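J.: The structure is given below, and queries will be raised subsequently.
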Amino acid sequence: MATIPVFNPSVPFLGEIPGGMAIGKKLHIRGQILTPEGMFNVNVQSGGAVQPRDDTPLHISIRIADQVVVLNSFEGGAWQQEERHGGRPVREGEAFELTIKAKEGYFKVEINGKKVGKFEHRLPVEMARYVHVGEGAVIESITESW
């Protein structure tokens, strides 16, 4: 299993976030969406299991054809209540930078510097120790910063 930072990883990708997420830490995922009808998912999760999935404090689903970004969490083997944010922050073939910042009380999600939404913590932010990136995009890099 890889540890962040990583460059040009194959997808799906699973990697450990050094020290896990904490208030003030940011994840940066740079890449390019592959298909106009597809979707691209990122899970910031508690462990390395994906089937069945470990608890996931933050799930991000960029759904190109539906022109929506869905934010959710996964707890105890079940998806929780979705939060949908309209618009099309990125299109097929465009480069993007997805930024996830852990703030006091919520995650702030941005694409290319524009706010997509904020997602209130349903699980402790400290539980978020891994990032899983699904298919649907070519990934250039996954990095972190403060």
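The values are calculated or read from the model by the stated rules, or taken from the named source; none is laboratory data. Treat the numbers as computed from the prediction; the structure is a model and nothing was measured. Glycine gets a Cβ as well: all are built from the backbone with ideal geometry, and neighbour counts include every protein chain shown. Just so you know, the surface numbers come from the protein's heavy atoms only, side chains and all, with ligands and any DNA or RNA stripped out. Shrake-Rupley method; radii C 1.70, N 1.55, O 1.52, S 1.80 Å.
J.: Might you report the magnitude of the Cβ-based charge dipole of the stretch 38-93 about its Cα centre, with Lys and Arg at +1 and Asp and Glu at -1, to the nearest 20 debye?
T.: Value, rounded to 20: 240 debye.
J.: If you build a Gaussian network model of the chain, linking Cα atoms that sit under 10 Å apart, which residue out of PRO57, PRO124, PRO89 swings the most?
T.: PRO124
J.: If I take every Cα pair under 8 Å that is 6 or more residues apart in the stretch 37-140, average their sequence separation and divide by the length, what percent do I get for the relative contact order?
T.: 29 percent
J.: Beyond 24 Å, what share of the Cα-Cα pairs of the chain is found? Please give it as a whole percent.
T.: Tail fraction, whole percent: 22.
J.: Carbon-plus-sulfur fraction of the accessible area of the stretch 27-146, 1.4 Å probe, in percent?
T.: Answer for the stretch 27-146 is 44 percent, counting heavy atoms of protein chains only.
J.: Could I ask something else about it? In the Gaussian network model of the chain, springs joining C-alpha atoms below 10 Å, which of SER61, SER46, SER73 carries the largest mean-square fluctuation?
T.: Of the options given, SER61 has the highest mean-square fluctuation.
J.: Something else: How much length is gained on full extension from VAL11 to GLU83, taking 0.36 nm per residue of separation minus their Cα-Cα distance?
T.: 23.4 nm
J.: Another question about this same structure. Work from the charge dipole of the chain (Cβ charges, +1 for Lys and Arg, -1 for Asp and Glu, about the Cα centre) and give the residue of GLY20, VAL125, ASN112 farthest towards its positive end.
T.: Working it through, the farthest residue towards the positive pole turns out to be ASN112.
J.: What net charge is computed for the residues neighbouring ALA95, neighbours being all others with C-beta under 10 Å from the C-beta of ALA95, Lys and Arg scored +1, Asp and Glu -1?
T.: Taking every other residue near ALA95 into account, the sum is -2.
J.: May I ask you to give the solvent-accessible area per residue for the chain, in square angstrom, as obtained with a 1.4 angstrom probe?
T.: Accessible area per residue: 47 Å².
J.: Could I ask something else about it? So how much slack lies between LYS114 and GLU135, counting 0.36 nm per residue of separation and subtracting their Cα-Cα distance, in nm?
T.: Taking 0.36 nm per residue and subtracting the Cα distance, the gain is 5.3 nm.
J.: I would also like to ask the following. Can you tell me the length gained on complete extension of the stretch ARG53 to ILE23, counting 0.36 nm per residue apart and subtracting the Cα distance?
T.: So the extension gain works out to 8.4 nm.
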